[in-house]
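Below is one structure, written out as structure tokens; comments come after it.
The values are calculated or read from the model by the stated rules, or taken from the named source; none is laboratory data. All values reported here derive from a predicted model rather than from experimental measurement. For neighbour counting, all protein chains shown are included, and Cβ atoms are generated from backbone atoms with ideal geometry for every residue, glycine included. For accessibility, only protein heavy atoms count, side chains too; no ligands or nucleic acids. Shrake-Rupley method; radii C 1.70, N 1.55, O 1.52, S 1.80 Å.
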Amino acid sequence: QCTSDCAWGTQVCQNDGTFTTCSASTDCACTTPGELEEAECRFCGWGYQRCGEDYQWEMPLECYDSGSCLEGTIETESCGFCGTRTRMCGPDCEWLAWSECTGQGECQAGLQEYTTDDCTPLGYVRERECDSQCNWVDLGDCTGDCLIAPRTGGTWTDGTPDFKDEVCVPAGPFYYGDDYDNTYTNDPMQIVYLSQFIIDIYEVSNDRYRECVDAGMCVAPSDLEQTTYFDLEKGNHPIAGITRQEGIAFCNWDGGKTLPTEAQWEKAARGPYPRNNIRPWGDEIPTCEIMNSYDCTVPDMYTTPVDSYPNGISYYGLYNTLGNVAEMILDTMGDDNLNYSNIDLINPFYNVAGTNTFARKDKGFLFALIEARLTMRNQTSYLSKSGVYGLRCGRYAF
């Protein structure tokens, strides 16, 4: 758009990068000073043009009903992943609708991620990068190995273990669930595939949780009857009496981790395919030397140290996946996931926004020896606190 001394016009950008001459009239002569007449202005607008004392038309002082654009103008913008779309200015000087986005790629340029797509065996991952044309480019082969080293535990200042040890569970299949009964909605047993992940060997202890509280990132338990947290002689007992959200806050503080998914927890407790045992050590009914159960501790039933019962550890070396405390799980749980019949076969994870219930594994020390099974699951309120609910943390190992 352009102007002369007295009128509005247009000029067009040519192929050689120069504009045409402005179309605005350069004949500004008028005959009667003070005379007003309508004239075009801006984008399809109009205004009153005044004849000046020098017998020259003046530019309109105000422009009414002006549109948004110059008729015939074409505008292009980016859309999607490296795509473009256009729109044209119509005869009423308003933009017409955008065209569909075309030429899109697959991803956001520069993004890097790990994916299970096109990997065999299932559950293996490969790293890929999104190139400048917004298409994925593989950066390596598929692997089931842990690409992040699990943490090795150390000691507190008094020389006692801090129980911060982690273990890597490599990618691959395992049997999920069982077919013994449907009392705890853990049927049917089926083979699923998990990517490599890292999980705590021990349940989170009181002393580990206390570190987070002292750092101002966690909230101490509020009910003395639901926890041994305030008994300094039981710093190596599992933390209890906190909500699921408080547990997630701890895991996030402890190295950017979170709660394990139900499938991750169960594989870590059971072992890889073809193991189909219903207890960490096998199918044998446990004894009081293998797990913490009220059958063994009545009337003083409660928690024991997180490194108790080494004879009951899992295939991957986890302590107390049965007994001691029930463990919080990342998955939510509702009426529409009462069993395992409709789960994803690769990295299953059930998450419903807005639900107030979540899954937990194990019954802790409330287990009777004969009923203890690693596949047992229960539903718990989102804000529930209990002296028998604890946790261990996990994360993907890439």
Being in contact with a strand residue (DSSP E or B) (Cβ under 9 Å, 6 or more places away or on another chain), charged (D, E, K, R) and open to solvent by 10 Å² or more (accessible area, probe 1.4 Å) is the filter here; which residues of the stretch 339-376 pass it? ASP344, ARG360, LYS363, ARG373
Being in contact with a Cys (Cβ under 9 Å, 6 or more places away or on another chain) and either among the aromatic types (Phe, Trp, Tyr) or under 30 Å from ASP65 (Cβ atoms) (or both) is the filter here, so list the residues in the stretch 89-120 that pass it. CYS89, GLY90, PRO91, ASP92, CYS93, GLU94, TRP95, LEU96, TRP98
Subset tally (residues that are within 17 Å of ASP362 (Cβ to Cβ), at pLDDT below 95 and open to solvent by 20 Å² or more (accessible area, probe 1.4 Å)) for the stretch 182-204: 3
Condition met for VAL125 (open to solvent by 30 Å² or more (accessible area, probe 1.4 Å), out of contact with any helix residue (DSSP H, G or I) (no Cβ under 6 Å at 6 or more places or on another chain), farther than 19 Å from LEU318 by Cβ and β-branched (Val, Ile, Thr)): no
Single condition THR380 does not satisfy, out of (1) of a type in the set (S, T, N, Q); (2) within 22 Å of VAL204 (Cβ to Cβ); (3) touching a Pro at 6+ places or on another chain (Cβ under 9 Å): (3)
Please indicate, with yes or no, whether at least one residue in the stretch 219-233 is part of a loop (DSSP other than H, G, I, E, B) and among the aromatic types (Phe, Trp, Tyr). yes
For the stretch 27-38, state whether one or more residues are open to solvent by 80 Å² or more (accessible area, probe 1.4 Å) and under 18 Å from CYS93 (Cα atoms). no
Quickly run through the stretch 138-181 and pick out the residues that are aliphatic (A, V, I, L, M), more than 30 Å from ASN206 (Cβ to Cβ) and loosely packed, with under 13 Cβ neighbours inside 10 Å. LEU139
Hey, among the residues in the stretch 39-62 that are among the hydrophobic types (A, V, I, L, M, F, W, C) and over 16 Å from THR10 (Cα atoms), which one's least open to solvent (accessible area, probe 1.4 Å)? CYS51
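Residues in the stretch 358-380 that are touching a residue at least 12 places away in the same chain (Cβ under 8 Å) and out of contact with any helix residue (DSSP H, G or I) (no Cβ under 9 Å at 6 or more places or on another chain): how many?
Number satisfying all stated conditions: 6.
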Could you list all residues from the stretch 49-93 that are among the small types (Gly, Ala, Ser), farther than 30 Å from CYS30 by Cα and touching a strand residue (DSSP E or B) at 6+ places or on another chain (Cβ under 8 Å)? SER68, GLY72, SER78, GLY83
Among (1) under 24 Å from ALA268 (Cα atoms); (2) free of Cβ contacts under 8 Å to residues at least 60 places away in the same chain, where does ARG87 come up short? (1)
Total residues in the stretch 69-101, condition open to solvent by less than 80 Å² (accessible area, probe 1.4 Å) and either polar (S, T, N, Q) or part of a strand (DSSP E or B) (or both): 12
Suppose we filter the stretch 21-38 for residues that are more than 20 Å from GLN11 (Cα to Cα) and either out of contact with any strand residue (DSSP E or B) (no Cβ under 8 Å at 6 or more places or on another chain) or of a type in the set (A, V, I, L, M) (or both); how many remain? 2
Pick from ASP307, ASP300, ASP336, ASP295: which is part of a loop (DSSP other than H, G, I, E, B), modelled with pLDDT under 95 and surrounded by fewer than 24 Cβ atoms within 10 Å (Cβ to Cβ)? ASP300
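Of the residues ILE278, ILE285, ILE290, ILE242, only one is more than 22 Å from PRO170 (Cα to Cα), open to solvent by less than 20 Å² (accessible area, probe 1.4 Å) and either in contact with a Ser or Thr (Cβ under 6 Å, 6 or more places away or on another chain) or not aromatic (Phe, Trp, Tyr) (or both); which?
Going through ILE278, ILE285, ILE290, ILE242 in turn, just one is more than 22 Å from PRO170 (Cα to Cα), open to solvent by less than 20 Å² (accessible area, probe 1.4 Å) and either in contact with a Ser or Thr (Cβ under 6 Å, 6 or more places away or on another chain) or not aromatic (Phe, Trp, Tyr) (or both): ILE242.
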Which of the residues belonging to the stretch 6-26 are over 20 Å from CYS93 (Cα atoms) and either without any contact (Cβ under 8 Å) to a residue 24 or more places away in the chain or surrounded by fewer than 12 Cβ atoms within 10 Å (Cβ to Cβ) (or both)? GLN14, ASN15, ASP16, GLY17, THR18, PHE19, THR20, THR21, SER25, THR26
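Residues in the stretch 332-350: is at least one in contact with a Lys or Arg (Cβ under 7 Å, 6 or more places away or on another chain) and among the charged types (D, E, K, R)?
No - not one qualifying residue is present in the stretch 332-350.
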